[in-house]
Structures are given as structure tokens and as C-alpha cells.
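Enquirer: Before I ask anything, let me first share the structure, which is written out below as C-alpha cells.
The values are calculated or read from the model by the stated rules, or taken from the named source; none is laboratory data. Quick caveat, the model's predicted, so the values are computed rather than measured. Cβ placement follows ideal geometry from the backbone for every residue including glycine, while neighbour counts extend to all protein chains displayed.
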Amino acid sequence: MDLRKLKTLIDLVSESNISELEITEAEGKVRIVKADPRGAPQIYAPATSMPVAGQAPMPPVAVVAAAEEPAVTGHIVKSPMVGTFYRASSPGGKPLIDIGSEIKEGEAVCIIEAMKIMNEIEADKAGKVTRVLCENGQAVEFGQPLFIVE
């Protein structure tokens, strides 16, 4: 992505009411997030998406390269749809599963709201939950990892 275009996007986020902007192009993906309403936005981008040689840094913006996740062991339960992830079946309710929970194949592990419909997501493998990879209320995409089961 061209540095001038990136600067224009940063200015757009800084001067508007939006708190987050994500752009995907052929050259890569850029995500601009305001740190707080008064602060300058932060940019999260894969290291390959912005050329580095011969370009001056932009002082009011923090550029953070996407870090590689450590290798994951165990089975990954993935989202079967796009929607909003919820750990409990009702607001303020007890989570369906926690870290350390023993689950059975077919047991409900979370709820994903899609188009105002609450969908129970079932475990596709039995085991012990070792990690929860999404925050309650977080938007999730198709195929996004939700839990790790060993």
C-alpha cells in the first residue's frame, strides 16, 4: 500500500467517529485502530504489506508488524460461520465451557449470533479445553479458531 494512501486513511480515522478501519488489497492488509478517542490511531499490518526502504517514519502513529503465533498443539475448534462469539447462552450467564473443562463431541461450547439468530456451536472432538482464543462479544469469521482442545 502506498504511503500517501496510508497517511490519508490514518487522517480519516483520526478525524472521524470510527474507532477501527481494516483494508485488504492485493499488496496486503492494514488495520488502523484508535488507541482512545483523544489519541492517535495505531496501525496493525503484516510486515510485507508496507515497503520500508527510503520512507520517513510517521511520528504520531505506532506501526506494529503482525507477530507469528507459536505453534499450537491440540485440536482447534473453528467457527463454522461469520457472526458474534458468545461464551454463555445468556448475557451475564455462566460460560458454557472454561479452560480445563472436559468436553464431549457434540457438546455445545459457545454461541455465535448471525443475522439475529443464536447458533449453538458444538465440539467436533472430545477432550480438555486448553485455550479460549476469542473474547466474549468479539466478531468472528468463518474458519477462525475459537478453542484448543487436547
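Enquirer: Taking only region 125-146 into account, find how many residues are in contact with a Pro (Cβ under 9 Å, 6 or more places away or on another chain) and either outside any strand (DSSP E or B) or more than 14 Å from I76 (Cα to Cα) (or both).
Expert: The qualifying residues number 5.
Enquirer: Of the conditions (1) exposed (fewer than 14 other Cβ atoms within 10 Å of the Cβ); (2) in contact (Cβ under 8 Å) with a residue 12 or more places away in the chain; (3) of a type in the set (A, V, I, L, M, F, W, C), A123 clears all except one; give me its number.
Expert: (1)
Enquirer: With region 72-123 as the region, which strands (runs of 3 or more DSSP E) entirely inside it contain at least 1 residues that are at pLDDT below 90?
Expert: In region 72-123, 75-78, 108-114, 117-122 are the strands (runs of 3 or more DSSP E) which contain 1 or more residues that are at pLDDT below 90.
Enquirer: Checking the conditions here, which among K104, K116 is under 30 Å from E20 (Cβ atoms) and exposed (fewer than 13 other Cβ atoms within 10 Å of the Cβ)?
Expert: Checking each option against the conditions leaves just K116.
Enquirer: When you look at I99, is it under 14 Å from V77 (Cα atoms) and surrounded by 16 or more Cβ atoms within 10 Å (Cβ to Cβ), yes or no?
Expert: no
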